[in-house]
Amino acid sequence: MDGLTLFGLFAVSAMLVCYALEERHPLFILGFAAACALGSIYGFLQGAWPFGLVEGIWAIVALRRWMVRQRQRQTL
């Protein structure tokens, strides 16, 4: 297994873990966003630009969800 494959495995595994734990703390949403960004980088590095593009969009969506959750927590 080469380094790029290990990087992709780490990114996807981090996405799975953070997604599963999102309800426990908003930092897991931020972690999911970061893992999606890593997945996007992996997609572009391996030459699968559609995968990289979609993962980049997921990273932006997750980052926005984290920001909304932070605002909600501040108003409580």
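Derivation of every value follows stated rules applied to the coordinates shown; laboratory data play no part. Keep in mind that what you see is a predicted model, and the values were worked out from it rather than measured. As a convention, Cβ positions derive from the backbone with ideal geometry for all residues, glycine included, and neighbour counts pool all protein chains shown.
A few comments on the model shown:
- Residue within the range 42-49 that is buried (at least 18 other Cβ atoms within 10 Å of the Cβ) and part of a helix (DSSP H, G or I) present: yes
- Tally, over the range 1-15, of residues that are over 16 Å from ALA48 (Cβ atoms) and assigned to a helix (DSSP H, G or I): 5
- Test for PHE32: is it under 17 Å from ARG65 (Cα atoms) and in contact (Cβ under 8 Å) with a residue 24 or more places away in the chain: yes
- Tabulated pairs, the range 10-29, first charged (D, E, K, R), second crowded, with 17+ Cβ neighbours inside 10 Å, C-beta under 8 angstrom, 6+ apart or interchain: GLU22/PHE28; GLU22/ILE29; GLU22/PHE32
- Scan of the range 1-32 for residues that are more than 12 Å from the chain's Cα centre (by Cα), of a type in the set (D, E, K, R) and under 27 Å from ARG73 (Cβ atoms), ordered by number: GLU23, ARG24
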